[in-house]
Amino acid sequence: MKAAVVTGKEIVTIEDVDVPTPKDDEVLIKIKTAGVCGSDLHLFRGTHAFRKPPAILGHEMAGDIVKVGKDVKRFKLGDRVTVEPQVGCGTCEFCKQGLTNLCVGKKVPGTPSWVGTFVEYFNAPERTLYKLDDKVSYEVGTLIEPLAVAVHALNRAGNAAEDCIVILGAGTIGLLCQVVAREAGFKTIITTDTAPFNREMSAKLGATAVLNPIDEDVVAKVKDLTGGRGADLAIVAAGADGILDQASACVRKRGEIGLVAMITHKIPFYCYSMVFNEQTMYGAMTYETRDFVKAAEMVNRGLDLSEFVTQKLPLERSQEALDVLSQKKEDVIKVVVTV
Ligand SMILES: NC(=O)c1ccc[n+]([C@@H]2O[C@H](COP(=O)([O-])OP(=O)(O)OC[C@H]3O[C@@H](n4cnc5c(N)ncnc54)[C@H](O)[C@@H]3O)[C@@H](O)[C@H]2O)c1
Ligand SMILES: [Zn+2]
Ligand SMILES: [Zn+2]
């Protein structure tokens, strides 16, 4: 079968690989759509923490079940599904608490132990499968995975949903955090992005205020919209020098800062503001299964994310799909390849 493989720095090659053989507790899925994600870009650019070329792209997908292992009970041939793309070792202290995202021995797609999703056929254990409602398109089904990232980013906050959230960066993840924040009941949702198209999308999705951090005073505006108090929660969904200082300055005393952006180099942070205001900072890594369940429910209940898909390219043009997101020469939120 065809697979899109990163074979060198910013090089994607279409190669022929074996169709996986599903184990007894697995199904084989005919991939219909696969999404390009920020972590695929890290692999593509050679900045990924542990995935190095050659590696098959992708972990976001939707497709049809075409083969069912003999121990699979809840799914059948023809079911339309997406997959939670992580399988824990099942025995470590994190797996025992349901924190597969933190398991050091977890299996993820695009590694020697599991094929990536930029392929024609993908195998997955039954417990990672989520059924897509008939009304949900494959494209939107593909977005359940990044939506789960956003659900987790907000779930990690200790405070219950309160009044005001600031989301720094309105790419796929920031915009999905906006969608989750709306659902969670935040009354004031303030977003920032340097790109006009992303700001437009955020405004369309109903943000209270959408700011350009280059020429607007984000902190002053947040203070203004919160009666001088500051936001309850800031989500950092972009990597820029100074973004942590900005997040801290936007947040109230005892407020929280959630880091979802993968900033893989050192950036400066003046931490005095965090101490002085007794703020809490947390990281959010992928999702727990309960976050994935919630994301799948939101989509199956009718959350329409079709506007997020700005480019669709066939698998054979995966090089272009990665280039589009990497170079941002055109307006882009989510790039999806079709198989
Ligand atoms: N923690 C996780 O599990 C997880 C999962 C997926 C993605 N991520 C990370 O989250 C981040 C966002 O992912 P994405 O897919 O939305 O990426 P993206 O590139 O689509 O979005 C980032 C956005 O930030 C904007 N931006 C750049 N500088 C900015 C600034 N100074 N202020 C405000 N906005 C600015 C860009 O214009 C862009 O729209 C990435 O770092 C990605 O690697 C983390
Ligand atoms: Zn992803
Ligand atoms: Zn484990």
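The values are calculated or read from the model by the stated rules, or taken from the named source; none is laboratory data. If you're wondering where the values come from, they're calculated on a predicted model, not measured in any experiment. Glycine gets a Cβ as well: all are built from the backbone with ideal geometry, and neighbour counts include every protein chain shown. Just so you know, the surface numbers come from the protein's heavy atoms only, side chains and all, with ligands and any DNA or RNA stripped out. Shrake-Rupley method; radii C 1.70, N 1.55, O 1.52, S 1.80 Å.
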Among the residues of the stretch 106-124, the number that are among the polar types (S, T, N, Q) and open to solvent by less than 30 Å² (accessible area, probe 1.4 Å) is 2
Matching residues, the stretch 246-256, being part of a strand (DSSP E or B) and surrounded by 23 or more Cβ atoms within 10 Å (Cβ to Cβ): Val251, Gly255
Looking at the stretch 41-55, can you tell me whether even one residue there is under 23 Å from Lys328 (Cα atoms), of a type in the set (Val, Ile, Thr) and touching a strand residue (DSSP E or B) at 6+ places or on another chain (Cβ under 7 Å)? no
Among the residues listed as Val210, Val166, Val179, the single one being more than 17 Å from Arg254 (Cβ to Cβ), part of a strand (DSSP E or B) and touching a residue at least 40 places away in the same chain (Cβ under 8 Å): Val210
Note: among Pro20, Pro53, just one is in the same structural domain as Thr142 (by TED's automatic domain parsing), away from ligand 3 (no atom under 16 Å from the Cβ) and more than 15 Å from Thr128 (Cβ to Cβ), namely Pro53
Qualifying position, being open to solvent by less than 10 Å² (accessible area, probe 1.4 Å), touching a Gly at 6+ places or on another chain (Cβ under 6 Å) and free of Cβ contacts under 8 Å to residues at least 40 places away in the same chain, among Cys89, Cys95, Cys103: Cys103
Taking only the stretch 51-77 into account, find how many residues are assigned to a strand (DSSP E or B) and open to solvent by 40 Å² or more (accessible area, probe 1.4 Å). 3
Count, please, the residues in the stretch 39-50 that happen to be open to solvent by less than 20 Å² (accessible area, probe 1.4 Å) and either among the basic types (Lys, Arg) or touching a helix residue (DSSP H, G or I) at 6+ places or on another chain (Cβ under 6 Å) (or both). 2
If the requirement is being open to solvent by less than 10 Å² (accessible area, probe 1.4 Å), within 14 Å of ligand 1 (Cβ to nearest atom), in the same structural domain as Cys37 (by TED's automatic domain parsing) and at pLDDT 95 or above, which of these qualifies: Thr142, Thr192? Thr142
Residue check, Asp18 against (1) within 16 Å of ligand 1 (Cβ to nearest atom); (2) part of a loop (DSSP other than H, G, I, E, B); (3) surrounded by fewer than 19 Cβ atoms within 10 Å (Cβ to Cβ), all met but one. Which one? (1)
Does Asn123 qualify as being within 21 Å of Lys294 (Cα to Cα) and either modelled with pLDDT of 95 or more or not β-branched (Val, Ile, Thr) (or both)? no
What residue, of Gln311, Gln319, is touching a residue at least 24 places away in the same chain (Cβ under 8 Å), assigned by TED's automatic domain parsing to the domain that holds Lys106 and more than 18 Å from the chain's Cα centre (by Cα)? Gln319
Residues satisfying the stated conditions in the stretch 128-167, i.e. within 13 Å of the chain's Cα centre (by Cα) and of a type in the set (Ser, Thr, Tyr): Thr142
Please give the number of the condition Asn101 fails out of (1) within 15 Å of ligand 1 (Cβ to nearest atom); (2) assigned to a loop (DSSP other than H, G, I, E, B). (2)
Check whether at least one residue in the stretch 293-302 is modelled with pLDDT of 95 or more, assigned by TED's automatic domain parsing to the domain that holds Val140 and on the phi > 0 side of the Ramachandran plot, and report yes or no. yes
Going through the stretch 285-299 in order, the residues found to be outside any helix (DSSP H, G or I) and open to solvent by less than 10 Å² (accessible area, probe 1.4 Å) are Tyr287
